[in-house]
1. Does N31 qualify as being in a helix (DSSP H, G or I), in contact with a Leu (Cβ under 8 Å, 6 or more places away or on another chain) and surrounded by fewer than 16 Cβ atoms within 10 Å (Cβ to Cβ)?
2. Return yes or no: is E20 part of a helix (DSSP H, G or I), of a type in the set (D, E, K, R) and loosely packed, with under 14 Cβ neighbours inside 10 Å?
Amino acid sequence: MPIIVNLDVMMAKRKMSLNELSEKVDITLSNLSILKTGKAKAVRFSTLEAICKALDCQPADILEYVKKGK
């Protein structure tokens, strides 16, 4: 998939655990883990907004588009 999720990178930069982020964003650990590992098929804007607020970052800090080679 050409969309890379860098949630783990931002969490490490902010020294925030998965449990702590889960509590701040009010999302289950399993759903947050699915997003963190890049297995999510979609993400709600409200969830993305809550994550950005909790991590004090921009959506582009978490999501990255990478072109596939030809």
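Coordinate-derived values only; no laboratory data. In this text the structure is predicted, and so the values were computed from the model without any measurement. Using ideal geometry, Cβ is built from the backbone for each residue, glycine included, and neighbour counts are taken over all protein chains shown.
1. No; evaluated as a whole, the condition is false for this residue.
2. The answer is yes for E20.
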